[in-house]
Amino acid sequence: MDQMNRSLQPDTLRARSQALAAHPGFLAVARAGAQGLLAMYDQHPALVRLIGNHQKWLLTGLIYGAYLKSVAPGAFRPFCAAQVIEDAQAADILSRNTVQQTLDAMAGYGLLGKSEHGDDGRVTLLHIPDHIHGSTRGWVALHCQALDGLDGGDRALRFTSQPDRFPAIHRGLLAGLTLPGGWRDPPEDVALFLDARHGFLIAEHLAATAEPDGERYIVTGLSRSGVERRYGIGRSTVHRLFQSAEAKGLMSPLDGGVAVSGDFMASYAGWQALKFAALDLAVEAALSGSA
């Protein structure tokens, strides 16, 4: 992971993300992602609460990255929990205990298979269910399509025509996403929600449903009690988040909803632009043969 991070210049990633965030169509792309996450939550709430937070989502990427390393030519290590824990600690995103607990929970949801090593009972081998492979590649294809929609590019077509480049794309994507100060470290306005238990769902709800109204945005039908019921977030946590957001000027109460500041929406879009920029650079490098 350290070697990959050194090969990606933070200034290049930042410049690419700033160009994306400045595109007049990018906010709609970022909002579509939030809407998709909420739609998934409505179908599988417990699963999204488990892996929807950006740190846990990053962990799923590191898990798949460990799998790809284990099946690469010349691989010397099996796909195991110890490898995932090492990668997560190197990226400095989650503690060892949290990683292990998340792996156990994902196995319970059928997102991972687990078995004991035949020769070493201290090693837990992992397995990726077949349906996960298609979902992971599908995520890359869909996000390439979104980028193509912004600039008329052909990333999605080139990606699907060169499936052997997927490991390099995934490797480059994770290198970009785990850079300190990048997508792994959300801006303060967004982190206010993400740092609370399941609070990321509130941030995604604001991004997904806010409609422009001059320099601000309006979210109709949003209330503290409604957030508690829909997202299963404790009353004290919801009260604290709303109170803090209102004190910072990110939100203000309205009859029948809330007003959201343009600054919050810009922060959210800029943060998500870092994710798309990381993918864009990874695809660019992998498909050109330089990765």
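The values are calculated or read from the model by the stated rules, or taken from the named source; none is laboratory data. Please read these numbers as outputs of a predicted model, since none were measured by experiment. Ideal geometry is used to build each Cβ from the backbone, glycine not excepted, and the neighbour counts take in all protein chains shown.
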Notebook entry, point to check: Consider residue 32 against the criteria (1) touching a helix residue (DSSP H, G or I) at 6+ places or on another chain (Cβ under 7 Å); (2) touching a residue at least 40 places away in the same chain (Cβ under 8 Å): it satisfies all of them except one. Which criterion is unmet?
Noted result: (1)
Check: Do the conditions hold for residue 195, that is, is it at pLDDT below 95, under 24 Å from the mean Cα position of the chain (by Cα) and not aliphatic (A, V, I, L, M)?
Finding: yes
Item checked: Residues satisfying the stated conditions in segment 148-199, i.e. touching a His at 6+ places or on another chain (Cβ under 7 Å) and either among the aliphatic types (A, V, I, L, M) or under 23 Å from residue 134 (Cα atoms) (or both) -> 150, 194
Checklist line | Sole residue being within 22 Å of residue 32 (Cα to Cα) and among the polar types (S, T, N, Q), chosen from 237, 220 | finding: 220
Next item on the list: Identify, from the list 88, 72, 107, the residue that is aliphatic (A, V, I, L, M), in contact with a Gly (Cβ under 8 Å, 6 or more places away or on another chain) and on the phi < 0 side of the Ramachandran plot.
Entry: 107
Margin query: When you scan segment 191-208, do you find a residue that is surrounded by fewer than 16 Cβ atoms within 10 Å (Cβ to Cβ), of a type outside the set (D, E, K, R) and either touching a strand residue (DSSP E or B) at 6+ places or on another chain (Cβ under 8 Å) or part of a strand (DSSP E or B) (or both), even just one?
Written below: no
Note to self: Looking at segment 226-242 only, could you name the residues that are in contact (Cβ under 8 Å) with a residue 12 or more places away in the chain and polar (S, T, N, Q)?
What the structure shows: 237
Next item on the list: Enumerate the pairs (first residue in segment 160-171 and assigned by TED's automatic domain parsing to the domain that holds residue 275 and in a helix (DSSP H, G or I); second residue anywhere and modelled with pLDDT of 95 or more and hydroxyl-bearing (Ser, Thr, Tyr)) with beta-carbon separation below 8 Å, excluding pairs fewer than 6 apart on the same chain, so at least 6 apart or on different chains.
Entry: 170/64
Check: Does segment 243-253 contain at least one residue that is part of a helix (DSSP H, G or I), touching a residue at least 24 places away in the same chain (Cβ under 8 Å) and outside the structural domain of residue 44 (by TED's automatic domain parsing)?
Finding: yes
